[in-house]
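The values are calculated or read from the model by the stated rules, or taken from the named source; none is laboratory data. This one's a predicted model, so the numbers in the text were calculated from it and none came from an experiment. Reconstructed Cβ throughout: ideal geometry from the backbone, glycine too, with neighbour counts over all protein chains shown. In case anyone asks, the SASA skips ligands and DNA or RNA and just uses the protein heavy atoms, side chains included. Shrake-Rupley method; radii C 1.70, N 1.55, O 1.52, S 1.80 Å.
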Amino acid sequence: WKVSSVPPDVPEPFPDLKIQWVKELVSTGSTSTNVNATTDIPTYGGIHLSPREFHEMLVEDKDGQDITLVDVRNTFEYQIGHFVHPHTNQAAMNPSTVTFSSFDALFVKKHADKFLKEQTTTSKNKKLLLYCTGGIRCETASVMLKKRGIQNVYQLNGGIHRYLEEYHAAGTSRNGQESSSSSSLFHGKNFVFDQRVALEQQQGAVDSATGEQTTANEKKEELNNTNIVGRCIECDDLYDELSGSRICTVCRDLVLVCPSCCLRMREYHCHRHACWKQCYFTFLEVYTVTELQQMLKELQEKLDGVKDSKSVRRTLRKQIIKVQEQIQDLQSGKKLPEPHAPRRCRTCMDTEEYCDGNCWGFWKHSQFRRGAAAVVEGDNTSTSAPPLAPIRPIHVGDRVVPGPNWNVLRLGSKESKMSGGGIVTEIKGWSAGSMENDCVVVQWHINNTTKKKDSTNIYRWGALARNGTRMYDVAPLVDEAEETTAT
C-alpha cells in the first residue's frame, strides 16, 4: 500500500474501493508483446532496488558509463518530471510513448540491439535502471527487455512515489540520514492519475515509517521556478501544468501549452504531430474554401510521404475526406465559413460556453463544482447559493433516444439510434467520486436489417456544464412521442 495526503482544495481522489480480477494492471497490448504476467514476471523480472539502493547506485556511477537510466512512463509524464544522472546531468531516456501498450514496439525493439551490443562488447557490466510512477509498469518492462537477452536490468521498487517518500528536494532521507547527493535526483513533478494531477517533490509527502505529514509546502514557493523541467510546446518557455483541456487535436495526447499561447491557438499539436499543425484540424468551420484547399494539398503530400505506417495513412485519409466534404458543403452553399465560431472542446465537442475542456478522465470531477459555481455567480439577488436544478427522473429499463444535448460531432448521427432506441441498463455518477447519479449506460438496439451488433455507451444525464446547465445526451422515448403529438 502507498500512503498519500490530499491538499485541502482537492477532493478525496480515491472515494471508493474496487477489487477486480484483471489480466493486466496496465495494458501492454499483450497480443503483440507476448508477456504472461503470471509466469514471466517471476522468471524474467528485473532486480528490485529500494529507493536508497537506486539513489546510491546512481551516485556511485561517477563517469556515467555503467548505467543507462530509462523512464518507462509516457511522454506527457516524462515532460513534467524525470530523473537526471547526478554526475553527467543527463536526463533519463524518454520512451516517447503515448500509452504503455506501445512500449515494446516503440522503445524495446528500437533500442534492444544497442543495449545488447553495449553489454557484450563495450561494457559487460552495463546496467539498465528502470523506473515508473509506482513500480507496476517496470514489472512488465523488465520482462520485455530480458526476453530479448538484455541482462543487468534493475527497477525502482515502488517507483517515483516511494522514492519521493525517502528523498525530498534537499537530498536527505526522510528517516533523517544524510544522502550522498547534494540534491534530489528526480527533477520536476510526478504525474499521478487522479484529481491531484501532479505532485511536487514536497507536496503531500508522508513519512513512510510513522505516516505523519511532513512540512510539505515549506519550500514550495522557492521550488516553483527552480524545479520546473517542462516547456511550452509552442514558445518553449518553462511550463509544467498539464490540463485535460490541452490535448493534441490528432491523437489527444496531453501537451504542455502555456496560458499565453492558449489565447492565440484554437487547437494544439503534440511533438509527434507538430509537422501537421498547418493542415490538420478537427474543427473546420472557421476556414474558407481557399484555406481548406491548401490544407488538402498539404495533407495529400503528407500521405504520399508515409510508406510504412498503416495507422498514419488511415488517419490522413480520413482527414482528407473530411476536408473534401467541408469544401463541397461550402461551394454548394450548404454551409458558410464561421471565422468567429466559438472554440470547442476536443473531447466532447461542446462549445466553451458549456465545457472548458476538462470533461474527461479524472478531470471530470471538477465539472460539478464549476457548474455549481456558475449558478452561484449568476445569482445577484441573494447571498445564499440558489438550489441547483434537480436531475430529471430516470429508471433502469426506461427506453431512450438521442436527447437535446446530443452532439453529432462526438456521438455520431442520431438516425440509427432513433429507429430502435435504447434501454437504460445502469445509472451512476458521471465522474469519479460524484455525489450525483448524473450519467446513464444505454444499450442500443440497432435495426436488425444491418449487420451491426447492439452497442452499449455512456451518456450524460443531468451532468453539470461549466455554465450551470444540466446536460442530457439522451431523452425518454415517451417524451419524444409527446413532443411529436403536440407539434
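Per-structure values
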| item | result |
| --- | --- |
| Where GLY135 falls short, out of the listed (1) open to solvent by 20 Å² or more (accessible area, probe 1.4 Å); (2) on the phi > 0 side of the Ramachandran plot | (1) |
| Selection count, the stretch 44-64, where residues are over 12 Å from PHE186 (Cα atoms) and touching a residue at least 60 places away in the same chain (Cβ under 8 Å) | 11 |
| Yes/no for GLN300 being in a helix (DSSP H, G or I), polar (S, T, N, Q) and buried (at least 16 other Cβ atoms within 10 Å of the Cβ) | no |
| Qualifying positions in the stretch 65-96 - among the polar types (S, T, N, Q), under 28 Å from THR121 (Cβ atoms) and assigned to a loop (DSSP other than H, G, I, E, B) | GLN65, THR88, ASN89, GLN90, ASN94, SER96 |
| Inter-residue pairs, beta-carbon under 8 Å, first in a helix (DSSP H, G or I) and in the stretch 407-423, second surrounded by fewer than 14 Cβ atoms within 10 Å (Cβ to Cβ) and modelled with pLDDT of 85 or more, 6+ apart | VAL408/LYS414 |
| Selection within the stretch 441-487 - out of contact with any Cys (no Cβ under 8 Å at 6 or more places or on another chain), at pLDDT 80 or above and among the hydroxyl-bearing types (Ser, Thr, Tyr) | THR456, THR469, TYR472 |
| Subset tally (residues that are open to solvent by less than 50 Å² (accessible area, probe 1.4 Å), assigned to a loop (DSSP other than H, G, I, E, B) and either modelled with pLDDT of 60 or more or closer than 26 Å to ASN457 by Cβ (or both)) for the stretch 369-397 | 3 |
| Given (1) in a loop (DSSP other than H, G, I, E, B); (2) more than 23 Å from PHE103 (Cα to Cα); (3) at pLDDT 75 or above, index of the condition THR28 fails | (2) |
| Members of the stretch 31-55 that are buried (at least 18 other Cβ atoms within 10 Å of the Cβ), part of a helix (DSSP H, G or I) and within 27 Å of the chain's Cα centre (by Cα) | THR33, PRO51 |
| Filter result for ASP438 (closer than 30 Å to PHE281 by Cβ, modelled with pLDDT of 75 or more and open to solvent by less than 50 Å² (accessible area, probe 1.4 Å)) | no |
| Boolean, THR315 is polar (S, T, N, Q), within 15 Å of CYS248 (Cα to Cα) and assigned to a helix (DSSP H, G or I) | yes |
| Test: residue in the stretch 205-214 that is outside any loop (DSSP other than H, G, I, E, B), at pLDDT below 90, more than 30 Å from LYS335 (Cβ to Cβ) and open to solvent by 40 Å² or more (accessible area, probe 1.4 Å) | yes |
| Odd one out for ILE150 among (1) farther than 30 Å from LEU199 by Cβ; (2) modelled with pLDDT under 90; (3) β-branched (Val, Ile, Thr) | (2) |
| Lone unmet requirement of (1) assigned to a helix (DSSP H, G or I); (2) under 28 Å from the mean Cα position of the chain (by Cα); (3) among the aliphatic types (A, V, I, L, M) for LEU58 | (2) |
